[in-house]
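*Asks:* Below: one structure in structure tokens.
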Amino acid sequence: MTNVPVTRVESVRERVPEYDSARIVSIACVVLIHVIAQYVTPDVRNVGVNRLIMFISRELRFAVPMFAMLTGALIWTRSPGQSREWAAFFSRRFMVVLVPYLVWSAIFVSVGVYLGVKPLGSLTRVVQDLLLGTTWYHLYFVPIIAGIYLFAPLAQAVYRRSAVGLVVVACLVGMVTPTVLARVELHPETAFKLVSLVTSYLPYAAFGAWYASLRQDGSRVVVRVWPMLLAAGFGFRAWVILGDLSRIPVYLSALANLMGYLLPSLGVLGLAVVVSERWPKLGSRVAPWAPCVFGVYLAHPLVLLVIERTMRAVGASPTASISLMAAVWLVTTVGCFVAVRLVSKVGWLWWLHGVPRRSASISDQMARHLS
């Protein structure tokens, strides 16, 4: 019998309701961002509406760093007993994350070659694309998450001493490392790009661990001020989008950018807590869908591409309109969630859907909080 991950979904009682809700909100925002990018083009007849739609799209981009926050909240806060099994943990993560990533990278490379939108390059170029996640426009974030995993043992050691200290260290590393690497003239370009990308997201993972520490201590501060967090965060994002940050010191513009991503993420988590407490049954309904988020992330651009090509084939003009984009977003998001959940029930397709599974192995037991 082959050692293929089994197909039993994790139990609801092991899950954190606000994390599940935040992940679903994040992926819904990501899909909407990609829908807008696909359908909104410069149009002198409707430039005002297009600008507004693009502004909304840029405001929603906190959703990507929020994935890093949730990763830090779940992984960087491990107990000492769990951290002794890092080898098993990384083995499990490879099966759940990197194998589907490689499969979907191959799918998108094939699609790009078939459609002629991205010709197959040299072997070196293919390897670079896999390392940087540039085989398709959305895959760049998977190597970043893998990098956050690799920092987990060190981050967890710092976290055990001080969650605030972890935030300080991660912010320093995240802000200084990309700047230093950018000034190095002779270097392995691909490796340095990957390190720069990963380290730039470490502050968000650290803030996620900090939020988890507040949650463990029973603090309600984020829950009480979630409306202010959302308002302040979107305000910072508006400043970054509309303002001229070249007029202020670099460190202040970097801080504004950080706050524009961080505060809305914390606000969403606070709101999710309020909702889960007011409607406790909602958490049990959301939980079975949350493990499907990674599969939705991997697959949704292919669905968007199929919809666009189908519209062109039948003679429909895929022009930007709010109703069209809303329909495409809804069909893509719901359709992908349903498809991933159905496919995840087929055991031998474990390499495709990216839904974490449980087995009797230690590595599976350690990964139960990561779905």
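The values are calculated or read from the model by the stated rules, or taken from the named source; none is laboratory data. None of these values were measured; they are calculated from a predicted model. Cβ: placed from backbone, ideal geometry, glycine included. Neighbour counts: every protein chain shown.
*Asks:* Has segment 150-161 got any residue that is of a type in the set (D, E, K, R) and in a helix (DSSP H, G or I)?
*Replies:* So the first thing to find is which residues in segment 150-161 are of a type in the set (D, E, K, R), and the list is 160-161.
This time we only want the ones that are in a helix (DSSP H, G or I), so: 160-161.
Yes, segment 150-161 has at least one match.
*Asks:* Residues of segment 235-257 being in contact (Cβ under 8 Å) with a residue 40 or more places away in the chain and crowded, with 20+ Cβ neighbours inside 10 Å, which ones?
*Replies:* Result: ARG237, single match.
*Asks:* Cβ-Cβ under 7 Å, sequence separation 6+ or interchain: first residue in segment 116-132 and assigned to a helix (DSSP H, G or I) and of a type in the set (D, E, K, R), partner surrounded by 13 or more Cβ atoms within 10 Å (Cβ to Cβ) and at pLDDT 90 or above. Which pairs?
*Replies:* From residues that are assigned to a helix (DSSP H, G or I) and of a type in the set (D, E, K, R), the pairs are ASP129/THR135.
*Asks:* If you don't mind, another one. Going through SER361, SER344, SER321, SER317 one at a time, which residue ends up being in contact with a Lys or Arg (Cβ under 9 Å, 6 or more places away or on another chain), at pLDDT below 95, hydroxyl-bearing (Ser, Thr, Tyr) and surrounded by fewer than 19 Cβ atoms within 10 Å (Cβ to Cβ)?
*Replies:* Going through SER361, SER344, SER321, SER317 in turn, just one is in contact with a Lys or Arg (Cβ under 9 Å, 6 or more places away or on another chain), at pLDDT below 95, hydroxyl-bearing (Ser, Thr, Tyr) and surrounded by fewer than 19 Cβ atoms within 10 Å (Cβ to Cβ): SER361.
*Asks:* Right, another one. Please find, within segment 142-186, the residue that is modelled with the highest pLDDT out of those that are of a type in the set (S, T, N, Q) and surrounded by fewer than 18 Cβ atoms within 10 Å (Cβ to Cβ).
*Replies:* Step by step, filter segment 142-186, then rank; the result is SER162.
*Asks:* Now, a different point. Just one of the numbered conditions (1) among the β-branched types (Val, Ile, Thr); (2) surrounded by 14 or more Cβ atoms within 10 Å (Cβ to Cβ); (3) in contact with a Leu (Cβ under 9 Å, 6 or more places away or on another chain); (4) at pLDDT below 95 is not true of THR134; which one?
*Replies:* Just one mismatch for THR134, condition (3).
*Asks:* Using the structure shown, decide if ARG92 is crowded, with 21+ Cβ neighbours inside 10 Å and either in contact with an Asp or Glu (Cβ under 7 Å, 6 or more places away or on another chain) or free of Cβ contacts under 8 Å to residues at least 40 places away in the same chain (or both).
*Replies:* Taking the combined requirement at face value, the residue satisfies it.
For (1) at pLDDT 80 or above; (2) touching an Asp or Glu at 6+ places or on another chain (Cβ under 7 Å); (3) assigned to a loop (DSSP other than H, G, I, E, B); (4) of a type in the set (D, E, K, R), each residue gets a yes or a no:
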{"residue": "PRO5", "(1), (2), (3), (4)": "no, no, yes, no"}
{"residue": "GLU18", "(1), (2), (3), (4)": "yes, no, no, yes"}
{"residue": "ILE27", "(1), (2), (3), (4)": "yes, no, no, no"}
{"residue": "ALA37", "(1), (2), (3), (4)": "yes, no, no, no"}
{"residue": "PRO42", "(1), (2), (3), (4)": "no, no, yes, no"}
{"residue": "PHE55", "(1), (2), (3), (4)": "yes, no, no, no"}
{"residue": "ALA63", "(1), (2), (3), (4)": "yes, no, no, no"}
{"residue": "ALA68", "(1), (2), (3), (4)": "yes, no, no, no"}
{"residue": "LEU74", "(1), (2), (3), (4)": "yes, no, no, no"}
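*Asks:* Right, here's the next one. Name the residues in segment 242-275 that are over 25 Å from ARG23 (Cβ atoms) and in a helix (DSSP H, G or I), would you?
*Replies:* Matches in segment 242-275: LEU242, LEU245, SER246, ARG247, VAL250, TYR251, LEU252, SER253, ALA254, LEU255, ALA256.
*Asks:* Follow-up question, since we're still on this one. Can you pull out the residues in segment 217-234 that are surrounded by fewer than 22 Cβ atoms within 10 Å (Cβ to Cβ), in a helix (DSSP H, G or I) and either among the charged types (D, E, K, R) or in contact (Cβ under 8 Å) with a residue 60 or more places away in the chain (or both)?
*Replies:* ARG224, PHE234, listed by residue number.
*Asks:* Here is a check on your reading of the model: is GLY260 out of contact with any Leu (no Cβ under 8 Å at 6 or more places or on another chain), more than 23 Å from TYR201 (Cα to Cα) and crowded, with 18+ Cβ neighbours inside 10 Å? Please lay out each step first, then the result.
*Replies:* Working: out of contact with any Leu (no Cβ under 8 Å at 6 or more places or on another chain): yes; more than 23 Å from TYR201 (Cα to Cα): no; crowded, with 18+ Cβ neighbours inside 10 Å: yes.
In short, no.
*Asks:* Which of the numbered conditions does THR310 fail, given that it passes all the others? Conditions: (1) free of Cβ contacts under 8 Å to residues at least 12 places away in the same chain; (2) over 30 Å from CYS336 (Cβ atoms).
*Replies:* Single failed check for THR310: (2).
*Asks:* Give segment 104-125 a look and list any residue that's surrounded by 15 or more Cβ atoms within 10 Å (Cβ to Cβ) and at pLDDT 90 or above, or say none.
*Replies:* TRP104, SER105, ILE107, PHE108, VAL109, VAL111, GLY112
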